[in-house]
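The values are calculated or read from the model by the stated rules, or taken from the named source; none is laboratory data. Since this is a predicted model, take the numbers as computed values, not measurements. Glycine also receives a Cβ, built like all others from the backbone with ideal geometry; neighbour counts cover every protein chain displayed. Calculation scope for accessible area: heavy atoms of the full protein, side chains included, ligands and nucleic acids excluded. Shrake-Rupley method; radii C 1.70, N 1.55, O 1.52, S 1.80 Å.
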Amino acid sequence: MSFSRDVFKYRSYTPIPFIILMLIFENANVYSLSIGLLITLIGEAIRLWAVSWAGSETRTTGTIGGTFLIISGPYSFVRNPLYVGNILMYTGLGIMSNALFPYLQIAGFIFFVIQYLIIINEEEKYLSKTFGAEFENFKSKVPKFLPRLIPYRDKNVKQPPLNMQAGLKSERRSIQAFAVVAFFVLIKWLIRTQAF
């Protein structure tokens, strides 16, 4: 098993240390809560949009795979919208908590960018092997993280239909996890400021 595959396999657990630090050192205020919540919701909206195109295959923690080369929706602007959404969500939660600001937020941002670069490298080996020239063309035209302004199109690449209902079902765990962390940050802030 390679290092990058291990990172892919355990990627769901890497936010835990940051969440613990956020909750221990919570120092939220009205501004951090508002700005952080907005960034987190934008991240979740991007994730939902992406999962509604890519389906539940994005949830796999075993081997890397995929039935389709998804180039529609957010994938037409950026190759890795799920990871962009995750980075925004983690950064937003960090800002909400205002814990060890700005050091924890910067460290978290850098950590997750590096983690996803490692994972993307492994995923793109699979995509290149499976989809060949179609993927290489997509890769050459669509950036990893910073979105292009005009959506990428290739009518020769078969796409699944957009399915928001399946996307919502697949995203239920992410939404619940976000809600729980945000709730605890809010409760700690309310107790600390005696706003009850």
- Note on the structure: Computed about the Cα centre, the charge dipole of the chain from +1 Lys/Arg and -1 Asp/Glu charges at the Cβ has a magnitude in debye, to the nearest 20, of 260
- Query: Rounded to a whole number, what is D in µm²/s for the chain from Stokes-Einstein with the Kirkwood radius over alpha-carbon pairs (10 °C, 1.306 mPa s)?
  - Reply: 90
- Query: Which of the peptides 10-19, 98-107 is most tightly packed, and how do the rest follow, going by the mean number of other Cβ atoms within 10 Å of each residue?
  - Reply: 98-107, 10-19
- Which of the aspartates and glutamates could be linked to Lys158 by a straight reach, that is with a Cα gap under 18 Å, when you skip same-chain ones fewer than 8 residues away? Glu57, Glu134, Glu136
- Query: If you place +1 on the Cβ of every Lys and Arg, -1 on the Cβ of every Asp and Glu, and leave all else neutral, what size is the dipole of the range 122-196 about its Cα centre, to the nearest 20 Debye?
  - Reply: 160
- On a 0 to 90 degree scale, rounded to 10, what angle separates helix 30-54 from the longest Cα axis of the chain? 20
- Note on the structure: A 1.4 Å probe over the protein heavy atoms gives the chain a carbon and sulfur accessible-area percentage of 68
- Once you've got the Cα coordinates, tell me which of Lys9/Lys188; Lys144/Lys188; Lys9/Lys129; Lys9/Lys155; Lys141/Lys169 are over 28 Å apart. Lys9/Lys188; Lys144/Lys188; Lys9/Lys155; Lys141/Lys169
- If the viscosity is 1.306 mPa s and the temperature 10 °C, what translational diffusion coefficient in µm²/s does Stokes-Einstein give for the range 68-148 when Rh comes from Kirkwood over Cα pairs? 115
- Item | Hz values of 3J(HN,Hα) by residue in the range 156-167 - Karplus curve (6.51, -1.76, 1.60), Gly and Pro given as x | 7, 8, 5, 10, x, x, 5, 9, 5, 5, 5, x
- Accessible area per residue of the chain at 1.4 Å probe, in Å²? 57
- For every helix of n ≥ 4 consecutive DSSP H residues, a contribution of -39,500 (n - 2.57) applies; sum these over the chain, divide by its total residues, and give [θ] at 222 nm rounded to the nearest 500 deg cm²/dmol. -22500 deg cm²/dmol
- Message: Between the range 87-102 and the range 145-196, how far is it from one alpha carbon centroid to the other, in angstrom?
- Response: 15
- Message: Positive end of the dipole of the chain, charges at C-beta (+1 Lys, Arg; -1 Asp, Glu), about the Cα centre: which of Asn137, Gln176, Ala28 has its Cα farthest in that direction?
- Response: Asn137
- Message: With a cut-off of 8 Å between alpha carbons and a minimum separation of six or more residues, what is the relative contact order of the chain in percent?
- Response: 36
